1. Which of (1) surrounded by fewer than 18 Cβ atoms within 10 Å (Cβ to Cβ); (2) within 30 Å of Lys188 (Cα to Cα); (3) not basic (Lys, Arg) is the odd one out, the single condition Glu2 does not satisfy?
2. Hey, can you tell me all the residues within the stretch 96-128 that are surrounded by 12 or more Cβ atoms within 10 Å (Cβ to Cβ), outside any helix (DSSP H, G or I) and among the charged types (D, E, K, R)?
3. Are there any pairs, at least 6 apart or on different chains, whose C-beta atoms fall under 6 Å, with the first in the stretch 122-133 and closer than 19 Å to Gly109 by Cβ and the second of a type in the set (A, V, I, L, M, F, W, C), and if so, which?
4. Tell me which residues, restricted to the stretch 193-216, are open to solvent by 50 Å² or more (accessible area, probe 1.4 Å) and among the small types (Gly, Ala, Ser).
5. Contact list please: Cβ distance under 6 Å, first residue in the stretch 224-248 and closer than 22 Å to Tyr15 by Cβ, second residue among the charged types (D, E, K, R), pairs at least six apart or on different chains.
6. Would you confirm, using the coordinates I've provided, whether Thr152 is open to solvent by 20 Å² or more (accessible area, probe 1.4 Å), polar (S, T, N, Q) and without any contact (Cβ under 8 Å) to a residue 40 or more places away in the chain?
7. Among the candidates Ser253, Ser271, which residue alone is at pLDDT 95 or above, in a strand (DSSP E or B) and either touching a helix residue (DSSP H, G or I) at 6+ places or on another chain (Cβ under 6 Å) or open to solvent by less than 100 Å² (accessible area, probe 1.4 Å) (or both)?
8. Among residues belonging to the stretch 140-149 that are hydrophobic (A, V, I, L, M, F, W, C) and not in a loop (DSSP other than H, G, I, E, B), point out the one that is surrounded by the fewest Cβ atoms within 10 Å (Cβ to Cβ).
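The values are calculated or read from the model by the stated rules, or taken from the named source; none is laboratory data. Being a predicted model, the structure only gives us computed values, none of them experimental. Here the Cβ is made from the backbone with ideal geometry for all residues, glycine too, and neighbour counts use every protein chain on show. When the accessible area is computed, the model is the full protein with side chains, heavy atoms only, and any ligands, DNA or RNA have been set aside. Shrake-Rupley method; radii C 1.70, N 1.55, O 1.52, S 1.80 Å.
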Amino acid sequence: NEVKEEQHTNLLELYAIDHQPQYSVLIDKNGNPQTLRNLQSPVAAVSLQGNNILNQISCSDNDYYLPHPTPDANPQDGMVLTFVKPPKINNAKLFLNARNSFWLDNLYGQFLDEFGALYPRFETMSNTKTQEELQAWMLKQKLPLSVYVQTTDGNWQPAGYFNLIGPMAFKNDVLPVDLSSVQTDTFKVKLSCGFMFWDIDEVAIDYSANQPVTLTALPVQTATDQYDCNVSAYLQQDDTLYYHQPYIGDEASVTFTCPPLQQGLQLLLCSLCLHPT
C-alpha cells in the first residue's frame, strides 16, 4: 500500500502466456488475450481544445498529454486521432499507455467526503447496485476513457471504453475496435473523458490478426507480509476472505510456480489482481 487509502485484495493470480516471439500480448478488460505485432502511431492528433498533441502521444516516454485549464474549460476532455487504414481491414486493436490522474483521485475523495455522516448509507446503497448499474454511473460521470470511431458519413460511433487504471503508474491496455463502418483510407478516433481525468502517454493502432496463445492461470504459492505472517489463504480464492492493507507501507511478498516454456514460444507473465476497496 503506497498511498493514504485502504487496500482489500481478494484474489491474486499470475497469468503465464506462451506466444509467438514476434508478437506481444495484452489482456483486454474482458480478460481476453490480444496479440500485437506492428503498432502504428496516428498521423495527426488534436486535443478537444484544438491543440496539436501528436508529439506527446506518439510514444511512451512520460511526456504525456495534459490539458491546460482555462477559465472557460470544457468539462469534457480528450483528443481526436487520425490513423491510416489499410484496404479491406474491418477490425483493429487500439493500444493505450495511460494512467488516471491524481486530480481524479483527489476529486473522488472530496466527493465521498461530502456525504459526511451519511457515507455509510451511501456505501450500503452502492453495494446493492449491479455491475451494469455501477458501470453506467461511471460512464455518465465520464470516469472511463470512452472511444468513438468516425464513420464514413461523419458521425461518431461508440466503439467501447477503457476501464479505470489508477494513478500509481502508466499501464498498457488494448481495446478491439470494429472498423466495418469505415470505407476510407484514413479514419478518426475520438477519446473522451472528464476534464483532466486521464494522463495519456501513447495511443497507437494494430491491424494484425489475433494469434493463438496458451494462457495458464497460476495461483499464489506463498505470501508473507511485512511481519512474516502467512497471508496466502487470503489471496488464493475468490471468496469472502480478503488480505487487508490499511496503512501505507503494508506489503506482502508473493511467489508463484511457473510452468515450463513451450518449445519455440516466448513466455509473458501478466499479473491479475482483484481488489474491491
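1. (2)
2. Arg99
3. Phe122/Phe115
4. Answer for the stretch 193-216, where residues must be open to solvent by 50 Å² or more (accessible area, probe 1.4 Å) and among the small types (Gly, Ala, Ser): just Ala209.
5. What qualifies is Val231/Asp225.
6. Values: open to solvent by 20 Å² or more (accessible area, probe 1.4 Å): yes; polar (S, T, N, Q): yes; without any contact (Cβ under 8 Å) to a residue 40 or more places away in the chain: yes.
For Thr152, the condition - open to solvent by 20 Å² or more (accessible area, probe 1.4 Å), polar (S, T, N, Q) and without any contact (Cβ under 8 Å) to a residue 40 or more places away in the chain - is met.
7. Numbers: Ser271 fails: at pLDDT 95 or above.
Within the list Ser253, Ser271, the selection yields Ser253.
8. We begin by selecting, within the stretch 140-149, every residue hydrophobic (A, V, I, L, M, F, W, C); these are 143, 145, 147, 149.
Then keep just the ones that are not in a loop (DSSP other than H, G, I, E, B); that gives 145, 147, 149.
Details: Leu145: 25, Val147: 21, Val149: 23.
Ranking the qualifying residues of the stretch 140-149, first place goes to Val147.
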